[in-house]
1. Tell me the net charge near SER59. Cut-off is 13 Å between Cβ atoms, SER59 excluded, with +1 for each Lys or Arg and -1 for each Asp or Glu.
2. Summing -39500 (n - 2.57) over the DSSP H runs of n ≥ 4 in the chain and dividing by its residue number, what mean residue ellipticity at 222 nm do you reach, to the nearest 500 deg cm²/dmol?
3. Report, please, the projected area of region 1-89 averaged over directions, based on the convex hull of its C-alpha atoms, in nm².
4. When the Karplus curve 6.51 cos²θ - 1.76 cosθ + 1.60 is applied with θ = phi - 60°, which whole-Hz ³J(HN,Hα) does each residue of region 8-23 get, with x for Gly and Pro?
5. Exactly which trypsin sites (Lys or Arg not before Pro) in region 1-33 are in a DSSP loop and have at most 16 other Cβ atoms within 10 Å?
6. At a Förster radius of 41 Å, what calculated FRET efficiency corresponds to the Cβ-Cβ distance of LEU66 and ASP45, to the nearest 0.05?
7. If the only charges are +1 at each Lys and Arg Cβ and -1 at each Asp and Glu Cβ, what is the size of the charge dipole of region 2-89 around the Cα centre, to the nearest 20 debye?
8. Residue by residue, what Karplus-based ³J(HN,Hα) values in Hz, rounded to whole numbers, does region 36-42 have, using 6.51, -1.76 and 1.60 with θ = phi - 60° and x for Gly and Pro?
Amino acid sequence: MKAIYELAYAHHPEEWIPKKDLYKLVADTQEEDERLNWFGDLSGDKKKAAQTKLGKAISQFSGRILAAGIRLLIDDSVAETQSWMVRFTKKP
């Protein structure tokens with residue numbers, strides 16, 4: 001998860017982004033950062049299983065601080081989890 005915090009903050013600091021955009025960012029970066037392969041291939045045949053694994057991890061880390069004081073926030077105000085927004089922030 002530390003790799004995801006660092007990656008997301010580097011590309012979208014202090015911004016709310018759709019969870020699907022985070023999935024795409026991770027998928028696009030998996031070849032460059034082998035730590036992201038733990039979630040599975042987000043662009044291959046088992047894409048859905050990998051997205052589910054990543055989505056569960058994101059939910060479990062909501063509100064937690066990792067990687068240089070970066071906190072994961074989730075806007076889960078809509079019932080459908082695929083519509084959730086995520087934000088990686090250094091603000092308290």
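1. +2
2. -11500 deg cm²/dmol
3. Mean projected area of the Cα convex hull: 5.2 nm².
4. Per-residue couplings from phi come out as 5, 5, 5, 8, 9, x, 6, 10, 7, 10, x, 4, 5, 5, 5, 4 Hz.
5. none
6. E between LEU66 and ASP45, to the nearest 0.05, is 0.85.
7. 360
8. 6, 6, 4, 7, x, 7, 7
Rule-based calculations on the coordinates, nothing more; no lab input. Everything numeric in this text was worked out from a predicted model, so none of it was measured. Cβ sites come from the backbone with ideal geometry, for glycine too, and all protein chains shown count toward neighbours.
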